Amino acid sequence: MLAWLDSLNPFWLHLSSFALMFLEGMGIPGIPGFLPMLALAESIHAGQTTLWEALLSGTLGNWLGSLTGYRLAASLLTRLPQSWQRLARSKRTARLMQRYGGLLVVVSRTIGSLRTPVTLYAGASGYPWPAYVAWSALGAAVHVGVWQTLIWYFGPEILNQFERWQDRLLPYLLGAAVLGLGVWWWRRRRARPEGPEDAVAEPKASQD
């Protein structure tokens, strides 16, 4: 795995980091932004790129994503589940933004449970644009700076441990995948609607 990571073009790693950080910055949950950070950490140690370049691509992506999320908040909010809409428009979120707006924007860049409601509320409620631009830039720099630096420092050891354990973990991962597919197929089969032949067969059985 290390040899494969070393063979990757750093340009594509930076582009991947930018893209995933952009989506995460918009407030989309579940984005695995640490993966390109981990790959970039190996590339940095291999002398193919630098930590500052990794910080720049990730921070820029996260910041521009947060600004895009702010601008699209009003239209995006109407398409999200009701629970998210209630959270973004709740009085509690409004009070927090009024009292701790700047700090909350900064912290929400790192804490996923806050990122989505804060981004949506800030855009939908008209939180001052200049303030949001400044605070989100600081939040993106702190978020990416801390995580990319930690992953750069501990990345080689994480990858070495993964290489030692991947052969042992592979059978368990394959087993979990097969089990998951089996459960999915079973639930899909149970949820399948009754076919026409079944509907016809039932009256015949009742006549006998």
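When residues in the stretch 128-142 are screened for being in contact (Cβ under 8 Å) with a residue 40 or more places away in the chain and not polar (S, T, N, Q), 7 of them pass. Taking (1) surrounded by 14 or more Cβ atoms within 10 Å (Cβ to Cβ); (2) outside any helix (DSSP H, G or I); (3) not acidic (Asp, Glu) in turn, Val105 satisfies each apart from (2). Can we say Thr68 is within 23 Å of Phe18 (Cα to Cα), open to solvent by 20 Å² or more (accessible area, probe 1.4 Å) and not in a helix (DSSP H, G or I)? No; evaluated as a whole, the condition is false for this residue.
Being open to solvent by less than 70 Å² (accessible area, probe 1.4 Å) and either of a type in the set (Phe, Trp, Tyr) or at pLDDT below 70 (or both) is the filter here; which residues of the stretch 135-174 pass it? Gly155, Pro156, Leu159, Asn160, Glu163, Gln166, listed by residue number. Criterion first (open to solvent by less than 60 Å² (accessible area, probe 1.4 Å), within 19 Å of the chain's Cα centre (by Cα) and among the polar types (S, T, N, Q)) does Ser57 satisfy it? When the stated conditions are applied, Ser57 passes them. For the stretch 30-48, a residue qualifies if it is in a loop (DSSP other than H, G, I, E, B) and either modelled with pLDDT of 90 or more or open to solvent by less than 10 Å² (accessible area, probe 1.4 Å) (or both), and exactly one does: Gly33. Scanning the stretch 77-102 for residues that are of a type in the set (Gly, Ala, Ser) and in a helix (DSSP H, G or I) yields Ser83, Ala88, Ala94, Gly101, Gly102.
Sub-7 Å Cβ pairs linking a first residue in the stretch 24-50 that is closer than 22 Å to Ala73 by Cα to a second residue that is part of a loop (DSSP other than H, G, I, E, B) and open to solvent by less than 20 Å² (accessible area, probe 1.4 Å), at least 6 apart or interchain, are Glu24/Gly33, ordered by first then second residue. Looking across the stretch 117-134, the residues that are open to solvent by 20 Å² or more (accessible area, probe 1.4 Å) and of a type in the set (Ser, Thr, Tyr) come down to Tyr121, Ser125, Tyr127.
The values are calculated or read from the model by the stated rules, or taken from the named source; none is laboratory data. Quick caveat: nothing in here was measured; it's all calculated off a predicted structure. So basically every Cβ, Gly included, is an ideal-geometry build from the backbone, and we count neighbours across all protein chains shown. Remember, those area values only see protein heavy atoms, side chains included, never the ligands or the DNA or RNA. Shrake-Rupley method; radii C 1.70, N 1.55, O 1.52, S 1.80 Å.
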